[in-house]
Amino acid sequence: MMTLPSRHELTQPSQNDVLLGRASPVFNHPGNMRYRGIIKSNRQKYVECKTRLDKMILVRKITKDILDDGNVKFWKLDKTKGIWTEVDVRACQDKVSHALRDTKGYDDMGLKL
């Protein structure tokens, strides 16, 4: 029987990594704070995109830049096992895209990202 390669798993992500989730430790993780800064610095470019294709290209570029800078990885906590599992590039792009869309709400309410 053929076995599929397992995703990378770990118990403690690095300070550069981006963690998926909503809890305070995730929000305050150094990699997530850096990530939010990158999102904030690219928000205006995203707003200025004229087409969905332009937005998709920008999201892919931002995701690639994040992943290529300092060996950053995106992780999601598997609560049943208590370990972090690396997510694929598509999930990373989804997170970047979602963050760029969500920052509009922060801008409109005058809140800090």
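Computed from the coordinates by the stated procedures, all read-outs in this text should not be read as laboratory data. A quick note: this is a predicted structure, and the numbers were derived from the prediction, not measured.
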- Message: Check which residues have an amide H placed less than 5 Å from S14's amide H, if you skip close sequence neighbours.
- Response: none
- Within straight cross-link reach of K64, meaning Cα distance under 23 Å, which lysines are found once same-chain residues fewer than 8 apart are removed? K40, K45, K50, K55, K73, K76, K95, K104
- Equivalent ellipsoid semi-axes, the range 1-90, via Cα gyration tensor eigenvalues times 5, rooted, Å: 27, 18, 11
- Item | Share antiparallel - DSSP beta bridges, the range 1-104, percent rounded to 5 | 65
